[in-house]
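First up is the structure itself, then whatever we jot down about it.
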Amino acid sequence: MERMLGRIPDSVDKREGSVIYDALAPAAWEMNLLYAELNTALNLAFGDTSSGGYLDLRASDRGVTRRAASHAKRQGLFYTDGSLPFDVPLGSRYGIAGDYYVVTEKLESGQFVMEAETAGESGNQKFGAMLPLDYVPGLVRAELAEVLVPGRDEESDDDLRVRYLQAVRQPATSGNVSHYKQWASEVAGVGAVRVASLWNGPGTVKLIVVDADRRPATPTLVADVAEYVDAMRPIGAEVTVVSAAGLEVSVAAIVTLASGYATQDVRSAFEEALTGYLKAAAFESTYVSYARIGTLLLGTPGVIDYSVLTVNGGTVNVALADDQVPVVGTVELEV
């Protein structure tokens, strides 16, 4: 507004409330908003600062697309009288606490692969007794058991940005390390992969994978990755796919609690924060930080202070091997 008024001769009345001032004020306000929109548009043009659909457009220039939510695959156990295994029809549907699963494949007598009808991580979370949606003659009991391939939610902006920048800075081509990472990551349920080239001599490649929760992969997921990568690998390459080994991280401490907080509630909140930290550290760090765990504990609601903190029985960082990922072990908090 000052710049615009500066272009008007001083011989003209341009005080607030004058015709000139009132004519310029709305235009100055609109141009101010326009400058803000231009700054936003500039940020949306670059991978580091873009988001949403604009990040999708930027990533698509490099052939990187946002991963859609995937359906969890679970083990279903079925029994007839006397807890004898029972074979149910393929395609039959079962429910548990509002979630629904369909039988897709037989593993062995009484054991089937079940796929969650709703895509996302919610399909990983329920365990226990299921009820058939339609009557199945001879069926007495149905249970939803282990997670075979975890479902995952739609890829977040942050995760898509990491893959896009990796594609730009470390192009995948001709079966290089980045190419193997890309192939393995394209399999539904894979959260991260580490590549060991020439691990057993010329032409050999080992892929170490974890699931969408950055935990050791199930045999079913390992087999899916091996099958997919085998179809994509260059001729002559010998590829071995294995799961990462889980290294339990156990924490013990004496805590001072604020008034009104129960030990169990504080333990649950700390375990949740610890799980998030260990998930982020998987394949990204070579150790679990003792100091970081202390910071997480002190930042847990209800904790005023702590003492005698040990991680895996010690007071130092916990080293991680190349084929290891940290998982939560026991958490013991005493008052």
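Laboratory data are not the source of any read-out in this text; all were calculated from the coordinates shown. Keep in mind the model is a prediction, meaning the values are calculated, not measured. Heads up, the Cβs are rebuilt from the backbone with ideal geometry, glycines too, and the neighbour counts pull from every protein chain shown.
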> Under 19 Å from the 7 Å Cα→Cβ point of V331, by amide nitrogen: which residues of segment 269-283?
Replying inline: 269-282
> Pick the calculated log10 I(q)/I(0) by the Debye sum over Cα atoms at q = 0.07, 0.08, 0.13, 0.14 Å⁻¹ for this structure from (1) -0.48, -0.59, -1.12, -1.21; (2) -0.29, -0.37, -0.96, -1.10; (3) -0.24, -0.32, -0.92, -1.09?
Replying inline: (1)
>> Helix-only mean residue ellipticity at 222 nm, the chain, DSSP H runs n ≥ 4 weighted -39,500 (n - 2.57), per residue, nearest 500. What is it?
In response: -10000 deg cm²/dmol
>> Below 28 Å, Cα to Cα, which lysines can K206 reach? Residues fewer than 8 away in the same chain don't count.
In response: K73, K181, K279
> What is the gain in length, in nm to one decimal, between D56 and R15 on full extension, counting 0.36 nm per residue of separation less the C-alpha to C-alpha distance?
Replying inline: 9.9 nm
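Could you tell me the relative contact order of segment 201-311? Use alpha-carbon pairs under 8 Å, at least six residues apart, and round to a whole percent.
Values: 122 pairs, mean separation 34.1, N = 111.
31 percent.
Please compute the contact order of the chain in relative form: average sequence separation of alpha-carbon pairs under 8 Å and at least six residues apart, divided by the residue count, as a percent. Mind dumping the intermediate values first?
Values: 618 pairs, mean separation 41.5, N = 335.
Rounded, it is 12 percent for the chain.
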> Any idea how far the Cα center of segment 35-114 sits from the one of segment 248-288, in Å?
Replying inline: 28
> What residue among L55, L274, L33 shows peak mean-square fluctuation when the chain is described by a Gaussian network model with Cα springs under 10 Å?
Replying inline: L33
> Can you work out the FRET efficiency for the pair S122 and E186, with r the C-beta to C-beta distance and R0 = 25 Å, to the nearest 0.05?
Replying inline: 0.65
> Build a GNM of the chain with springs between Cα atoms under 10 Å: which of A291, A59, A23 gets the top mean-square fluctuation?
Replying inline: A23
> Gaussian network model of the chain, Cα springs within a sub-10 Å range: biggest mean-square fluctuation belongs to which of S156, S178, S83?
Replying inline: S83
>> Per residue, how big is the convex hull of segment 49-125 when only Cα atoms are used? Give it in Å³.
In response: 127
> Computed FRET efficiency, Cβ-Cβ of A41 and E2, R0 30 Å: what is it to the nearest 0.05?
Replying inline: 0.75
> Do you know the relative contact order of segment 246-334, to the nearest whole percent, from alpha carbon pairs under 8 angstrom that are 6+ apart?
Replying inline: 55
